[in-house]
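**Student:** Below you'll find the structure I mean.
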Amino acid sequence: MTMKNGFDPNFLFGGAICSSQAEGAYDEGGKGLDTQDLRYFDPSWTKEERKLIPNRRLNHEKFTKALTDKDISHYPFRHGIDFYHQWESDLDLFQELGLRIFRTSVCWARIYPNGDDEKPNEEGLRYYHDLFQGCHDRGIKVFVTILHYNIPLNLLQKYGGWRSRETIKYYEKYARTLFQYLGDVVDYWLPFNEFNAGKFNPYNGVCIMDDDEDNNQNTIFQCLHHEFVANALAIKACHEMLPGKMIGGMIARFTSYPATCKPEDVMQSITDEQYSNWFYLDVMARGKYPKYMERFFEHSGVTIKMEPGDIELIKNNTVDFVSFSYYFSQVSTTQNGWEKTEGNLIMSNKNPYLNSSEWGWQMDPIGLRVTLNQVYDRYQLPVFVAENGLGAIDKVESDGKIHDSYRIDYLREHIKQMKEAVKDGVELLGYTMWGFIDVISCGSMEMSKRYGVIYVDQDDAGNGTLSRSKKDSFYWYQKCIASNGENLD
């Protein structure tokens, strides 16, 4: 038995975006309004006010205003980066980069504008088929997220979104439509983005608004159960309709270390990992609610209503691979007053041994290796790093160049640790760096928080030429991919 010294020749180096943050054209091509179209942003907010954006959830007053407000500068997801119109030239850039796989999401409201329509929108299906065929024509595989937070607005208004089992029915119909019409041009499927977002970012994850009286633990976990059922139905349909295609599960990974070797901190780390991360993958990969959640539900007063057949459905339809987004790590402690910092979806306890990004996210490349080992050891399934990247402010020099050495350093160190994980024996399928072309940031809703190796000329108010240009990191990632991760200089 020989240890692997590097990535498999077929390793899928790629990039990821999502429809709501990139496409724009919110009222074109037969698309209906969806929940992300209603998220409000004010370009005039100060730096301190912008820090509060991830915690500024949608309430009913803002919801009502957003239905009639036509100023799209306040709704960045309505304009995105105009990927809807520029995808062909963008794919040419992706091909030049050497991308092996492209991860994006399909917009549900572009396929079923109201969610409960009798027939799908042919123009929406044609758009995605052309896009994905364009990827294959350029030698790029396709990794599709069926639901990346945004559901058709009508499903929220008419049924209550994921509170209702009706939404399960319409989600299954939507998923089966994608498998039928796009199955020939999609290589990997993912039913839900960052499943645990429903707990930590309820509006995005399960479409609960801030001022809902029932915005509590029980409602959130009831919604999540409905999503688990929908997830299992999507897996079942995929296996039936597209035999041989892989369909996976995904969480936002909150890697956690005990703050000290004090036994209470170690135990806190275990429970933090269980309740924040493992629960969601355990259901999707092991096919059942884990026993440790019984204590959590009892302590939290959570009672989930299930229908006959739910448990059996979840048990018999588990994922083919596991995936996660990884941006930061945190520490777990029982001590009061521990310093906090920002993180993906959550505020986290700060690790004094780590540096942070401009947005306070702690950078921990070794934590990616830790996570890969933990996930593979726990599930013994192939693993995909579905998101990883650095959000930063990029400066365009007078000659038009962008020297983002900080992003190169970030990517280099994380890819090194992925390689170490492969040597550890982890079966790693691929890596799709997040926002490899600049998109609207999901959490902060800023364009100025850039992740890409491709620069898009647009400011936070939506002004700019939308022209694309290559950062220094573009050429670095190009060499990395061409060398299968060997040339990281």
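**Student:** For a quick check of your reading of the model, give me the residue pairs whose first member lies in region 371-390 and is open to solvent by 10 Å² or more (accessible area, probe 1.4 Å) and among the aliphatic types (A, V, I, L, M), whose second is modelled with pLDDT of 95 or more and assigned to a loop (DSSP other than H, G, I, E, B), with beta-carbon atoms closer than 9 Å and at least 6 apart or on different chains.
**Tutor:** Partner pairs satisfying both residue conditions: LEU381/THR318; LEU381/VAL319; LEU381/ASP320; LEU381/GLU427; LEU390/TYR327; LEU390/ASP404; LEU390/TYR451.
**Student:** Still on this model: Is there any pair linking a residue in region 419-435 that is in contact (Cβ under 8 Å) with a residue 60 or more places away in the chain and over 13 Å from VAL375 (Cα atoms) to one that is open to solvent by 10 Å² or more (accessible area, probe 1.4 Å) and of a type in the set (Ser, Thr, Tyr), with Cβ under 6 Å and at least six apart or on different chains, and which?
**Tutor:** TRP434/TYR451; GLY435/TYR451
**Student:** Just one of the numbered conditions (1) free of Cβ contacts under 8 Å to residues at least 12 places away in the same chain; (2) part of a helix (DSSP H, G or I) is not true of PRO308; which one?
**Tutor:** Going through (1) free of Cβ contacts under 8 Å to residues at least 12 places away in the same chain; (2) part of a helix (DSSP H, G or I) one by one, PRO308 breaks only (2).
**Student:** Just give me the residues in region 64-99 being open to solvent by 20 Å² or more (accessible area, probe 1.4 Å) and modelled with pLDDT under 95, in sequence order.
**Tutor:** If the condition is that a residue be open to solvent by 20 Å² or more (accessible area, probe 1.4 Å) and modelled with pLDDT under 95, then THR64, LYS65, LEU67, THR68, ASP69, LYS70, ASP71, ILE72, SER73, HIS74 are the ones that fit.
**Student:** Of all residues in region 330-375 being touching a Leu at 6+ places or on another chain (Cβ under 8 Å) and not in a strand (DSSP E or B), which is nearest to GLU420 (Cα to Cα)?
**Tutor:** Applying the filter and picking the extreme gives LEU372.
**Student:** How many of the residues making up region 479-489 are open to solvent by 20 Å² or more (accessible area, probe 1.4 Å) and under 23 Å from the mean Cα position of the chain (by Cα)?
**Tutor:** Of the residues in that region, 0 qualify.
**Student:** State all residues of region 152-169 that are closer than 30 Å to PRO382 by Cβ and surrounded by fewer than 23 Cβ atoms within 10 Å (Cβ to Cβ); if no residue qualifies, say none.
**Tutor:** ILE168, the sole residue that qualifies.
**Student:** Could you say which residue among MET284, MET250 is touching a residue at least 40 places away in the same chain (Cβ under 8 Å) and not in a helix (DSSP H, G or I)?
**Tutor:** Step by step, each of MET284, MET250 is checked, and only MET250 is touching a residue at least 40 places away in the same chain (Cβ under 8 Å) and not in a helix (DSSP H, G or I).
**Student:** Another question, if that's okay. Given the conditions (1) part of a loop (DSSP other than H, G, I, E, B); (2) open to solvent by less than 10 Å² (accessible area, probe 1.4 Å), report the number of the one that TYR431 does not fulfil.
**Tutor:** In the conditions (1) part of a loop (DSSP other than H, G, I, E, B); (2) open to solvent by less than 10 Å² (accessible area, probe 1.4 Å), TYR431 misses (1) alone.
**Student:** Right, here's the next one. So in region 329-349, with the set limited to residues that are of a type outside the set (Phe, Trp, Tyr) and under 18 Å from CYS261 (Cβ atoms), which one is most open to solvent (accessible area, probe 1.4 Å)?
**Tutor:** If we take residues in region 329-349 being of a type outside the set (Phe, Trp, Tyr) and under 18 Å from CYS261 (Cβ atoms), then GLN335 is most open to solvent (accessible area, probe 1.4 Å).
**Student:** Of all residues in region 461-489 being of a type in the set (S, T, N, Q) and outside any loop (DSSP other than H, G, I, E, B), which is farthest from SER89 (Cα to Cα)?
**Tutor:** Among them, the one singled out is SER473.
**Student:** Can you name every residue in region 255-267 that is under 26 Å from the mean Cα position of the chain (by Cα) and in a helix (DSSP H, G or I)?
**Tutor:** None; the set is empty.
**Student:** Residues in region 291-313: is at least one touching a Ser or Thr at 6+ places or on another chain (Cβ under 6 Å), closer than 27 Å to TYR326 by Cα and either surrounded by 14 or more Cβ atoms within 10 Å (Cβ to Cβ) or charged (D, E, K, R) (or both)?
**Tutor:** So far as region 291-313 goes, no, none of its residues is touching a Ser or Thr at 6+ places or on another chain (Cβ under 6 Å), closer than 27 Å to TYR326 by Cα and either surrounded by 14 or more Cβ atoms within 10 Å (Cβ to Cβ) or charged (D, E, K, R) (or both).
The values are calculated or read from the model by the stated rules, or taken from the named source; none is laboratory data. Keep in mind the model is a prediction, meaning the values are calculated, not measured. Cβ sites come from the backbone with ideal geometry, for glycine too, and all protein chains shown count toward neighbours. All accessible areas refer to the heavy atoms of the entire protein, side chains included, with ligands and DNA or RNA removed. Shrake-Rupley method; radii C 1.70, N 1.55, O 1.52, S 1.80 Å.
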